[in-house]
1. Counting partner chain Cβ atoms within 10 Å of every residue's Cβ in A:419-430, what's the average?
2. With springs only between Cα atoms under 10 Å apart, run a GNM on chain C and tell me which of C:94, C:104, C:22 wobbles the most.
3. Determine the distance separating the Cα centre of the range C:45-114 from the Cα centre of the range A:404-477; give it in Å without decimals.
4. Provide Rg over Rh for the range C:25-127; use the alpha carbon set for both Rg and the Kirkwood Rh (inverse mean inverse pair distance).
5. Could I have the simple spin-label model distance between residue C:5 and residue A:119, label points 7 Å from Cα toward Cβ, reported in nm to one decimal?
6. Anything over 30 Å Cα to Cα? Flag those among A:429/A:660; A:273/C:93; A:653/B:27; C:74/C:110; C:40/C:102, in the order listed.
7. Got a sec to turn the phi values of the range A:558-575 into Karplus ³J(HN,Hα) couplings, 6.51 cos²θ - 1.76 cosθ + 1.60 with θ = phi - 60°, whole Hz, x for Gly and Pro?
8. So what does log10 I(q)/I(0) come out to for the range A:531-719 at q = 0.09 Å⁻¹, using the Debye formula with one equal point on every Cα and no solvent?
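Please treat every number below as a calculation from the coordinates, not as lab data. Note that the structure is a prediction, hence the values are computed from the model and not measured. FYI the Cβ positions are ideal-geometry reconstructions off the backbone, even for glycines, and counts take in every protein chain you see.
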Amino acid sequence: MDKRNEQSVFARYRKIILAVILFMVVDSLVIGINFYNTYKADESALSINLSGRQGTLSQRITTVLLLMQRSLDANDESSLVGNLQDSDLTVNIFNLPPSVVRNLKELDQTVTLFDTTLKGFSDGGIVTGGDGKPTLLTQVETAVSRQLVADTSEIWTKYFELLKPLLGEERNFSVAELKEAVSYAQNNNLEIQRLMNDLTTDLETVANKRASTLRIVLVIGIIVAFINFCYTVIITLRDLMSGDKKLAESRNENAEILATVHEGLFLLNKDKKLGTQFSESLPRMLHMDIVPGMDFMPILKNMVSSEVYESAVDYVELLLGERVKESLVASLNPLTNIPVSMLDKFGNTQSRYLSFFFNRALVDDKISHVLVTVQDVTDRVQLQKQVEQAKSMSKAEVETLLRLAGNDFTSLQQFIDNTSQALGQINEKLSESHDDTRALLHTLNYVLRLVHGIKGEAAALGIEALEGYAHACEQEMVAMRESGQELTSDSIVRVAVLLEGFYERYSSLANIASRLGSVLGTGALNRPDAAAAPIVHPMVEHVTHLAQRIATDHGKEVEISCHFDKLSGLPDHIVRELQSISIQLVRNALVHGIETPTERLTRNKPRTGSLSLWCEYLGSGLYEFTVRDDGRGIVPEHLRANFVKNGRLTPEKAAAMSDKEIAGLIFKPGISTADKANIDAGHGVGLDVVLEKVDTMQGGRLSVKSRPDSFTEFRIQFSAA
Amino acid sequence: MKNIDESDIHSFVNAVSGFFLQVTEEKVEIRSAYLVEDGIKPTTFELTSYITLSGNYTGRIYFSAPRALIAHLLLMMQEPDRSEERLLDAVGEIANTISGNARKHFGEAMEVTVPVTQATKPDWLEKTVSPRSYAILVKWKQYRASVIVDIQTIE
Amino acid sequence: MMKKEFTLLIVDDSAIIRSRIARILSDPRLGFIRMTGMAKNGMDAITQFMQQTPDIVTMDITMPEMDGVECTEKMIAFSPNCSILVISALSDKATALKTLKKGARGFLYKPFTDEELIAAFLELVHS
């Protein structure tokens, strides 16, 4: 316990401590008064006793004197005295009868006693007490007593003078002297008696007065002590009661907290057993009966996977041990967002998410327990999921917005139209009957081609969300196609589900485009007419944008030149086709044609590759569209090796084919020369899309020229009559 | 709203397939799967039954088949009575099987109505069915039939 | 009770991480930590550890030659009082927990911020 604690203890009990100290002081006072009282009472009793005795002594002296005279009278005086003629004849003590001698001895004692006692009353001193022992007699205090003592002393002084001859060993007194003393005694005895009586009365009065005062003081003291005692008791009781009340309150608060808190709370001891108190919500959350002292780990074991359980055991043990730092291992808690299935009140299975948080409970800096908090985080987890979903959804929307903000409404609208058309075509294809694997493969290839087209256009417009989805679909469908024998008609359902996903993304895109279109004014989405066409054809930007992005992704450098002036006069549908075609060819050129800067340098080529696209009018409504790169060219040996490596061709078959036949394969579906599938190329779709599109164009013809290590050139001729 | 996936669709088709397999020892095969869209109608036949789901999943599942298919089915079940009533009973039974599988698949927290059956080609269906519902065409012997899945999940 | 000075050995196979931790040590709040060595693999770490017997070790998990789990075990066997802070990009909590069971005192996820590392060091030397 530290100092502060001590202080607080004193502060808490200060009232009680003060009350007890006061009680002790008052009690000591009362006891002191009592002692004083008793002492004073003893003193008074002595004085009263002795003053009473004075009266008796005076009487005794008188009596003795009278007895002596009578005894002398009775005897022959002459036998006692030497000279009978003279009245002041001295008495011969040897002739005195024995009774007189006894009387004389008594007189001695009595006079001495009276004298010393009177002096004691007057000045204070040691006197012989009633028991014959010396006792301290105090001077009388009141004026009345003093006067009485003084009066007595005055009488006594004379009396004592008269008695002196009768006292002592050598009694030498005359009969006259005795007579004189007797007569003085007879005259004054009563007075002395009266004075001493008065003194007794006065002393008694004083003693009574003092006794009653002291009694009052004592009673007051006792009353004060009693009040103090009551006060102490009340304070103590009140403090105890308020302490009890606080304790009860805190106990009630504890119980209330445990009853109302949403979280599951409980303590885990060193043996990983539950403590006696836990929140009422705990059994509900864990969906089981909880008994104090039950093992925690088996409860957990039923709720989580074995790996999570193992980790949880380790984690709890670490927290119960002293070695690790709690704050430094919190991130390793394996019991967050744990999915659990439970029965709801209708008895239906419900999946919830729980998080367990563990905190050490320290007593004297030692870990005594681990406090476990269980939270139902289902809402949070679901919200998180929704936010993530919304994020990916809104990503597409934001991208669309950016396109629109980039004044590119025409191409966006075009993309939306194209995509809608492509999705419709896919759906129609899916609705056809698939009676065998060949039909399935056919559909798969068809869908792949269209999806690849969408991917390319989405990439060109920078709509990454759709491009990414298209890529994912493509990968999955390629995997389906690769599975060969295992391909069943069930796969068609999967394709339909993928299509649904496409539709969903597409419609959110179309939605926002139309909403923004209406905000920006319908004119925004109208196609610009030929006269208002910009000097630089919009396709230039798309192609450049796409090419630069792919080049960056593949670590390549490229300079692009586009000459599309001749496109301005062409109908929209042809421009659209040409854009789709150039997207595929640019992708192909950058992935397969142009080398990395390092490779180009080793081949004595400029570091930056060049990619040119242009369109020429050949006359008679005939146009020629060319895409040329200065990359590695189409190398039949290279292609052959790749086809064999990919398992497309057997080594024998590859060897048997001519270079031209091998080169022709790049236009067949399912062929790619990129080693690994990536978003830009490699699924073996692309050039087949180009060929298909050229085929649908009026007078469409496709030709390829290439020289290894030098260039590749695709030429598309078409008629726009 | 969350979309259903192919396992949900398969559970319904498998119910139909299971029914045929049990009764005729010949299962049905999927021939096509597509989305009901503008211009692409759901495929329906003369006999149709459907169940309505409510709860976490809401919507309808339809089974539609030509009269000839159901008649053939009754024949294989050695049911001499091939009246309209019997035919409707049979499509209703198939819808019941779908309902049972739906319960198993989605859990009990879902209510399913008793099947409703109809003996004319339901032209109303293409108007009421939600866009992008799944239409799955199946084949049994030489016949075609369809399962139309028009459900959404609320989560 | 805080000792006046703590010695530190940094174990990580990434040079970037090593120099980053060393840089963060220049924070005035960590003036009491003196780096005595850096190791880029488990074997190297053990050799240096035995020579320097540092008070604190920052330990990577995935390393060539000897991984952090084994390394931690050996270090604790040699000097049970040293404080080992595991710094790892592991998404696998089980391995991290295993290292802690071998005697490491704390765990920090990669990537970490300067503040997180400083806080972890302060926590480690406290008490």
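1. Mean partner-chain Cβ count within 10 Å for A:419-430: 3.
2. Result for chain C, Cα springs under 10 Å: C:94 fluctuates most.
3. 51
4. Computed over Cα atoms, the ratio is 0.93.
5. Modelled inter-label distance: 9.7 nm.
6. Those over the limit are A:429/A:660; A:653/B:27.
7. Result, ordered by residue: 8, 10, 10, 10, 10, 10, 10, 3, 5, 6, 4, x, 7, x, 3, 5, 6, 4 Hz.
8. -0.33
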